[in-house]
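The block underneath contains the structure these notes are about, expressed in C-alpha cells.
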Amino acid sequence: MKRGTQISDYLQPLQPNQTQCYLTNTLQVADIIEWVLGQIGKSEVWQTSFSISEEFLRRLYFISKSGNVETIHLLLDFKATQKTLRLWSFLTQVIEHTYLADNHSKVILIRSDSMSVAIITSQNLTRGNRHESAIVTTDTAVYATLYDEITDLIKNKSVPLSELYNAQIQS
C-alpha cells in the first residue's frame with residue numbers, strides 16, 4: 001500500500017457491505033488479505049494465481065505470523081514452474097499445499113468460523129505498481145462456487161508442486 005493510503009479510502013468493513021470493488025494502483029492484494037484476516041480472525045486461505053513473487057511470499061510470511069492464518073493452499077500455473085521452484089525453500093516455510101495446473105485465475109478465498117470472503121482480482125501474487133482491480137464479497141454462494149471449482153481443479157487437473165520438485169532433484 002502506498003504511504004498515506006488507507007484501505008478505508010477504497011473499502012468499507014466487510015459487514016454490512018457484502019460486495020465491494022476497487023480499481024487502483026495504491027493497494028496490493030496482500031493488503032486486502034491482511035485487512036480481511038484482521039476482521040474475521042483465524043482462517044483457512046486458498047489462493048490462485050498465475051505466479052507468485054518472493055516479495056509477496058515475504059509479506060505472506062509476516063501475515064501468517066500474526067496468528068490469523070490456519071493453513072494456506074496455493075494454485076499456480078504450470079508456465080511459472082521454474083520461477084516457483086526457485087522459491088521452493090521459502091515457499092514451503094509459508095504455504096502448506098502448493099499445486100500447479102493450467103491456471104490464470106486470481107482468486108483468494110478466506111474462511112473462518114464466522115465468515116467466508118471471496119476476492120477476485122486482476123493482480124497476481126506479486127507486488128507491482130500497476131492499476132489492479134478486485135471484487136471483495138462475503139456472498140456465500142460466490143464463495144461456495146469458487147471453492148468447489150478450485151478444489152475440483154486441484155483434485156482432478158493439478159500436480160502437487162512437491163512431486164515436480166522431487167523429480168527435479170532426482171534428475
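The values are calculated or read from the model by the stated rules, or taken from the named source; none is laboratory data. Treat the numbers as computed from the prediction; the structure is a model and nothing was measured. Cβ sites come from the backbone with ideal geometry, for glycine too, and all protein chains shown count toward neighbours.
Residues 27, 23: which one is hydrophobic (A, V, I, L, M, F, W, C), within 26 Å of residue 141 (Cβ to Cβ) and touching a strand residue (DSSP E or B) at 6+ places or on another chain (Cβ under 7 Å)?
Details: 27 fails: touching a strand residue (DSSP E or B) at 6+ places or on another chain (Cβ under 7 Å).
Going through 27, 23 in turn, the sole match is 23.
Considering only residues that are of a type outside the set (Gly, Ala, Ser) and surrounded by 14 or more Cβ atoms within 10 Å (Cβ to Cβ), look in the range 62-72 and name the one that is nearest to residue 82 (Cα to Cα). Explain how you work it out, then say what you get.
Within the range 62-72, the first condition is being of a type outside the set (Gly, Ala, Ser), and the residues that meet it are 62-63, 65, 68-72.
Now narrow it down to the ones that are surrounded by 14 or more Cβ atoms within 10 Å (Cβ to Cβ): 63, 68-70, 72.
Numbers: 63: 25, 68: 30, 69: 27, 70: 28, 72: 21 Å.
Applying the filter and picking the extreme gives 72.
Could you list, in sequence order, the residues of the range 74-109 that are at pLDDT below 90, surrounded by 18 or more Cβ atoms within 10 Å (Cβ to Cβ) and either under 12 Å from the mean Cα position of the chain (by Cα) or of a type in the set (Phe, Trp, Tyr) (or both)?
None; the set is empty.
Being over 16 Å from residue 123 (Cα atoms), touching a Ser or Thr at 6+ places or on another chain (Cβ under 7 Å) and assigned to a helix (DSSP H, G or I) narrows it down to one residue among 85, 91; which is it? I'd like the intermediate steps shown before the answer.
On the way: 85 fails: touching a Ser or Thr at 6+ places or on another chain (Cβ under 7 Å).
When all the criteria are applied, what remains is 91.
Counting only residues that are assigned to a strand (DSSP E or B), of a type outside the set (Val, Ile, Thr) and touching a residue at least 40 places away in the same chain (Cβ under 8 Å), which one in the range 105-120 is farthest from residue 154 (Cα to Cα)?
Kept after step one, since they are assigned to a strand (DSSP E or B), are these residues of the range 105-120: 107-111, 116-120.
Applying the additional criterion that residues be of a type outside the set (Val, Ile, Thr) yields 109, 111, 116, 118.
With the extra rule that they be touching a residue at least 40 places away in the same chain (Cβ under 8 Å), the set shrinks to 109, 111.
Values: 109: 14, 111: 18 Å.
Across the range 105-120, the extreme among qualifying residues is 111.
If the requirement is being at pLDDT below 90 and outside any loop (DSSP other than H, G, I, E, B), which of these qualifies: 143, 165? Outline the logic, then answer.
On the way: 143 fails: at pLDDT below 90.
Among 143, 165, only 165 is at pLDDT below 90 and outside any loop (DSSP other than H, G, I, E, B).
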